[in-house]
Amino acid sequence: MNRKYRHTVIAGNWKMNQLNSGVKVFLEQLKENMPKARACDVVLCVPALMVPSMVRYGKDCRVAAGAQDVSKHEKGAYTGEISADMLADVGTRYCIVGHSERREYHAESDSLVNEKAKALLAKNIIPIICVGESLEQRENNLTMEYITYQVCAALSGIDAQQVRHCVIAYEPIWAIGTGKTASAEQAEEVCREIRAVIRRLYGARVARAVSILYGGSMNAGNAAELLSMPDIDGGLIGGASLKPADFASIVASASQD
Ligand code: PEP
């Protein structure tokens, strides 16, 4: 973490879990467990229909509402889709794009991820852009090449002013939901490279201002070590964000110096 130049962000990803009726109780329990003095932004990315509850009850404990996906289209005949304008209208502050589960199960391409990020920026929603290599790519020493490609593709056509409002999440696919975490050194190495790519594209001032998160089985036990790395500015957390005490403990780790 480097609080001097950028925000520390702890973002939960509930995926398709929890119920709208449970949001208030969850946040009450989270509030009880979270440190009063916090040095990070706390976000919960929830299914779109739970966003209004997250906005309403999250105010009290300073938890921002995030979504998990958005349409690339502004509006129109796109049954089932949710636009950035609709997300903004109900108070969404962040939205994940390019999560590996969407890339895999919904065949989302890098150019679609880019279009979604732009749609969000146009409505002042912070995109949390996910990138990450497969186990096969890692074993074949293709990690850096692939991550560089993904970052460049995701940021194509996004200008320096806008990129300061983007968050990048490095999520090695082999570490998501598997209980296998990248070591702090492995995660730092890739996050540092992502910052180097941003530096090449936008210059040093912009690169040092962009928050880069690690995601992949981050939990209460390993968060402190991962967050102690200079280029890891927070976490995107799946499983551990479903338990208030565990998520609060990660927030506490992110609030320590
Ligand atoms: C995720 O879904 O973004 C994620 C990192 O999940 P988990 O923490 O469960 O590995």
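Rule-based calculations on the coordinates, nothing more; no lab input. Nothing here was measured: the structure is a model prediction, and the numbers come from that model. FYI the Cβ positions are ideal-geometry reconstructions off the backbone, even for glycines, and counts take in every protein chain you see.
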Cα-based Rg of the stretch 124-257 normalised by 2.2 N^0.38 Å, two decimals: 1.02
Potential extension, E145-R164 segment - 0.36 nm per residue separation minus Cα distance: 4.5 nm
Cα-based equivalent ellipsoid of the stretch 82-126: semi-axis lengths in Å, sorted from largest, via gyration tensor: 20, 10, 8
Of K4/K24; K15/K123; K31/K180; K31/K116; K59/K180, those spanning more than 30 Å from alpha-carbon to alpha-carbon: K4/K24; K31/K116; K59/K180
Residue exposure sequence - K72, K59, K116 - by fewest surrounding Cβ within 10 Å: K59, K72, K116
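Between beta-carbons, use under 11 Å as the cut-off and find the net charge around K72, counting Lys and Arg +1, Asp and Glu -1.
Working: positive: K116, K118; negative: D69, E74, E81, E108, E115.
Net charge in that neighbourhood comes out at -3.
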Descending principal axes extents, the stretch 1-108, alpha-carbon based, whole Å: 45, 35, 25
Dipole of the stretch 57-132 [Lys/Arg +1, Asp/Glu -1 at C-beta], most positive-end residue of A67, A117, Y57: Y57
Gain on full stretching of the segment that runs from R38 to R205 - 0.36 nm per residue minus C-alpha separation: 57.6 nm
Cα centroid of the stretch 224-248 to Cα centroid of the stretch 13-34, whole Å: 16 Å
Extension gain, N20 back to D85 (0.36 nm per residue minus Cα-Cα distance, nm): 21.3 nm
Integer Hz, Karplus 6.51/-1.76/1.60 couplings in order for the stretch 240-257, x for Gly and Pro: 6, 7, 8, 10, x, 5, 5, 5, 4, 5, 5, 4, 5, 4, 6, 9, 8, 7
Per-selection Rg to Rh, the chain - Cα, Kirkwood hydrodynamic radius: 0.94
